[in-house]
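Note sheet for the following structure.
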Amino acid sequence: MNHALILPILLPLLSGALLLFAARLNLVHQRLLSCLATWASLPLAGYLLWQADSGQLYSYALGDWPAPFGIALLLDRLAALMLLVTALLASVAVFYACRGDDQRGANFHALFQFQLLGINGAFLTADLFNLFVFFEILLIASYALLLHGAGAARVRAGLHYVVLNLLGSSFFLIAVGVLYGICGTLNMADLARQVAQATPDQQPLLAAAGLLLLLVFGLKAAVLPLYFWLPRAYAAASAPVAALFAVMTKVGFYAILRVYTLLFGSAAGALEGLGHAWLWPMALLTLLLAAVGALAARSLGVLLGYLVLVSVGTLLAGLAMGHVEALSASLYYLLHSTWLAGGLFLLADLIARQRGDKAGELQQGPAILQGRLLGGLFFLAAIAVAGLPPFSGFLGKLLLLQATPAAQALWLWPLLLLASLLVLVALSRAGSTLFWRTARDVHGRAEVDGGRTLACVLLLSCSPVLVLLAGPVLAYCEATARQLLDLAPYLALVSGGRT
Amino acid sequence: MEALYAITLGLLTACGVYLLLRARTFAVVLGLTLISYAVNLFLFAMGRLKSGAAAVIGQSSEYADPLPQALVLTAIVIGFAMTAFVVVLALRSLAEQGNDHVDGEEPRP
């Protein structure tokens, strides 16, 4: 058994627990511990990615109980990729937080580590109930992080977020209960086998459970009727938290991808492709309304929140098409959109810190002290996120458009291009307001911090790097998509334990 | 027994949803609690309803499925923690905004 598999869970768990004990310790030691633990996850994720790239599935049986009976962890290409996305984002976010945002309230670093524990666990688990548990861990950490250094806006946005997610958890449990009641198992690969063998009178119940799961994951991923909490919550959170939250919607996307390729995938018989009829219109409408929302946003934070939603819509469109090319384009776009959204949230904070009381409001304000540097960064990031060449957003969208079959292209092409145009208009309007329509003088308390700028540049530079390394990255994404759609190795994982 | 159980769950959920839609933080917390009770009972029933059956093989002629019981225990603990959190958050919201509406402001009449 490969024990490296459980390290992405153990590492933040232990460092988070240590940080709780070390709450009385001075901040320098807390920061050191938190940074080291987060940065250590980066080579670890790289190692796991290298392992997973062999194409083999690595299963880790906790307590050495064989797969369908014990709780198992599973590492495949997708899980490894998501771990790497999280590790990179978190490494930069924690560095940014160490430049001062962690002082606004107690226990920032412990909460940050627990958040990573929940996210990594959700990516690695092969058990539906454990997915629920890790979801709850990441949620309760995210509630606390969202409210960290609370103000009235954060409490208000936080209340919506908490109540909605608590209700979502209840739905999740109902779905898990129904699935267990019918299939008698919670291991996802084993569930896939049982779903395939379901009798006709069990199928409607299984379909209900599957669609309940879609509802729950849709809430996490923030698709159309369930996204109204997101823009305000992300705009209210502090910058490093918002940057880390860029991966949270992707956890929902990951869960949809996992459940709908494995449980209700090609092996599911009559239930094959369950939910795809819903995913497609939901994805397109999310895309369109999020772009309109971006156009209507009155502050930079809300605008970025809507950009996250645009990326969710794009990703889900790829998922709804469901074939290898579309999925691999979606995965490439996921890398781009997560890192770039994180970078943009950091950049928005850098800008807000030089505008005094105006902060992120899109109104005429004081001139920006580092106008050239931040303006240049904003310009490049806007090009990348709107999907103009030569950056990764262009490549991702192009791949997705090319992968669209003719019948669906009629819908996706105009909508995706229109959404990109609306995003471009929204961003250029925001940019010209922030950098050109300003007063002559800079604000007296404008903050300049080299460390923060460095963190922001690091995340934003992922976009050109993704273009330069497009060949190997795309090859990996395509291998991931192929692995996801070939269910035989997953089902073979549990065939030993059952008769 | 099944019918009584199902009616109880339905009633609990209906009350929970009604309270949730009241949009006042205290009612919302109560609603969430009722729903989580209903969900816990539902999860428990997924091991099938039996009386007089131990969860250990060999202790009685029939045995109950121990796994849903373990799941319920986990769900109760998590639900308890979440309820505590949302109560504190509701109080904080009341203190910061001066009213108990979930939107932080009274709806316009």
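Worth a mention:
- Shielding by partners for peptide A:172-182, expressed as the average number of C-beta atoms from other protein chains within 10 Å of each residue's C-beta, is 6.
- Peptides A:167-179, A:269-281, A:35-47, A:328-340, ordered by how many other C-beta atoms sit within 10 Å of their residues on average, highest first, read A:328-340, A:167-179, A:35-47, A:269-281.
- Local electrostatic count, A:Q56, Cβ distance below 15 Å [Lys/Arg +1, Asp/Glu -1]: -1
- Using a simple spin-label model with pseudo-atoms 7 Å out from Cα toward Cβ, A:F171 and A:W411 lie 2.0 nm apart.
- Straight Cα distances below 30 angstrom link A:K397 to the lysines A:K220, A:K250, with same-chain residues fewer than 8 positions distant left out.
- Take each residue of peptide A:153-165, count the partner chain Cβ atoms within 10 Å of its Cβ, and average: the result is 5.
- When only the Cβ of Lys, Arg, Asp and Glu is charged (+1, +1, -1, -1), the dipole of chain A relative to its Cα centre reaches about 1340 debye.
- Peptides ranked, highest mean first, by Cβ atoms within 10 Å: ranges A:192-204, A:293-305: A:293-305, A:192-204
- Per-residue SASA entry for B:F85, accessible area with 1.4 Å probe, Å² rounded to 10: 50
- Along the axis of the charge dipole computed for chain B (Cβ charges of +1 for Lys and Arg, -1 for Asp and Glu, origin at the Cα centre), the listed residues B:N40, B:F26, B:M1 are led at the positive end by B:M1.
- Among A:M248, A:G55, A:L213 - extreme Cα towards positive end, dipole of region A:1-272, charges at beta-carbon: A:M248
- Cα gyration tensor category, rounded, prolate or oblate, for region A:374-433 with a/c compared to 1.5: oblate
- Exercise: per-residue mean of other protein chain Cβ atoms within 10 Å, B:38-50: 4
The values are calculated or read from the model by the stated rules, or taken from the named source; none is laboratory data. This is a predicted model, so every value here is computed, not measured. All Cβ positions, even for glycine, are placed from backbone atoms using ideal geometry, and neighbour counts span all protein chains on display. Accessible surface areas use protein heavy atoms only, side chains included; no ligands, DNA or RNA. Shrake-Rupley method; radii C 1.70, N 1.55, O 1.52, S 1.80 Å.
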